[in-house]
Amino acid sequence: MKRWGKILALVAVAMMVLSVAAIAAPKTWVVGFSQIGSESECRTADTHSVQDAFAQDDSFALMYADAQQKQENQIKALRSFIARKVDCIVFTALVETGYGPVLQEAQKAHIPVVMIDRDVAKEDQKYRLTIMGSDFIKEGEKVGNWLAKYLKDKGIDDGTTPIDFAELQGTTGSAPAIDRAQGFRNIAKDHPNWQIKHSQDGDFTSSQGKQVMEAFLKDDPKIQVLFAHNDQMALGAIQAIKEAGLQPGKDITIISIDGVKGAFQAIVNGESNCTVECNPLLGPQAVQAVRDLRDGKKLPARIWTIESVYDASNAAAALPTRQY
Ligand code: AHR
């Protein structure tokens, strides 16, 4: 009898310890991550950064959905996250519009949405908690400011003679395409001789960048400046320029955005002139934001990333330490 009493007491203690441990152990937070696709090296770096950062904290379980560049896939993925009652959604929007209803559904289900990189349109921003990433307007302005100085210093721009510009735009309707075009024009408007004669969507891919640049050059072999909304399109365009018998970086001044290793190498090789950094390594910041959310902290409405500009003066020194 005494023995049974001891056993029962031990079982009771063990149960108490287990239940205290269950209360103390944080519940695994399930996070749904809806990514656009893999259109550029920058995007791939972003995906890996988020996946790696969440994998380092085992109080999180990440569900990953690759939309393969299709908005309908992305909306489906968001609906499936809502149906599975995830604790939080991390999301980057292919284009700005068209997500209002699904974001409203997430809000009704009390699932917080943390946006990274690409935001949704103003009218839908009330359905998400925060956005972290780059200032795309500022990136476009950096492009304009860098060109203003470079073209003047090189004697290409005397302030009056018309200069023939081409622009490879990112995916139509996406936040970076809209904002980079705007930012660039904010500066270009003060240079009336800058003539943006060619501007077309190259969908942020190298193959489209090459194809569109080929068409531009067929129409107008006298293009003097190319602004590509990302490095991937610039790298495709460099091929097209070479195949047209011209020297990229010399006959045509080239500037693009992202700061991928390939763009750095092109600058070092003299085939491109500048890349404005758009930092895709958002994983650690995304995890911190979701952690703060779980801990009941209030997130700032906007979390900016810090970025630089690289040209022939600093690209070679920075290239060995580039992470993407
Ligand atoms: O949203 C950021 C942009 O998307 C990057 O500049 C581009 O490379 C990517 O695909």
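We did not get these values from a lab; they are worked out from the coordinates using the rules stated. This structure is a prediction, so every number in the text was calculated from the model and none was measured. Quick reminder, even Gly has a Cβ in these numbers, built from the backbone with ideal geometry, and neighbours come from all protein chains shown.
Values computed for the structure shown
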| item | result |
| --- | --- |
| Normalised contact order of the stretch 175-324, rounded percent, pairs of Cα under 8 Å and 6 or more residues apart | 18 percent |
| Principal-axis tilt of helix 206-219 within the chain, Cα atoms, nearest 10 degrees | 20 degrees |
| Of Lys76/Lys242; Lys70/Lys210; Lys70/Lys154; Lys149/Lys242; Lys70/Lys138; Lys122/Lys261, pairs whose Cα-Cα distance is over 31 Å | Lys76/Lys242; Lys70/Lys154; Lys122/Lys261 |
| Residue-count net charge about Thr253 - beta-carbon cut-off 14 Å; Lys, Arg +1, Asp, Glu -1 | -2 |
| Rg followed by Dmax, in Å, when the stretch 75-130 is reduced to its Cα trace | 9.9, 28 |
| Length added when fully stretched, Arg84-Asp295, from 0.36 nm per residue minus Cα-Cα | 73.8 nm |
| Neighbourhood charge, 11 Å Cβ-Cβ cut-off, centred on Ile241 and excluding it, Lys, Arg +1 and Asp, Glu -1 | -1 |
| Between 0 and 90°, nearest 10: helix 136-153 axis offset from the chain longest Cα axis | 30 degrees |
| For the stretch 146-276: rounded, prolate or oblate by the Cα gyration tensor [a/c cutoff 1.5] | rounded |
| MRE, 222 nm, helices only [DSSP H, n ≥ 4, -39500 (n - 2.57), over the chain, to nearest 500] | -14000 deg cm²/dmol |
| Table column - 3J(HN,Hα) (Hz), the stretch 182-192, Karplus curve with 6.51, -1.76, 1.60, x for Gly and Pro | 5, x, 4, 5, 4, 8, 4, 4, 8, 10, x |
| Cβ charges +1 (Lys, Arg) and -1 (Asp, Glu), total dipole of the stretch 56-99, debye | 280 debye |
| R0 of 35 Å, Cβ-Cβ distance Lys218-Ala109: FRET efficiency to nearest 0.05 | 0.10 |
| Rg [Å, one decimal], Dmax [Å, integer] - the stretch 20-108, C-alpha atoms | 14.4, 48 |
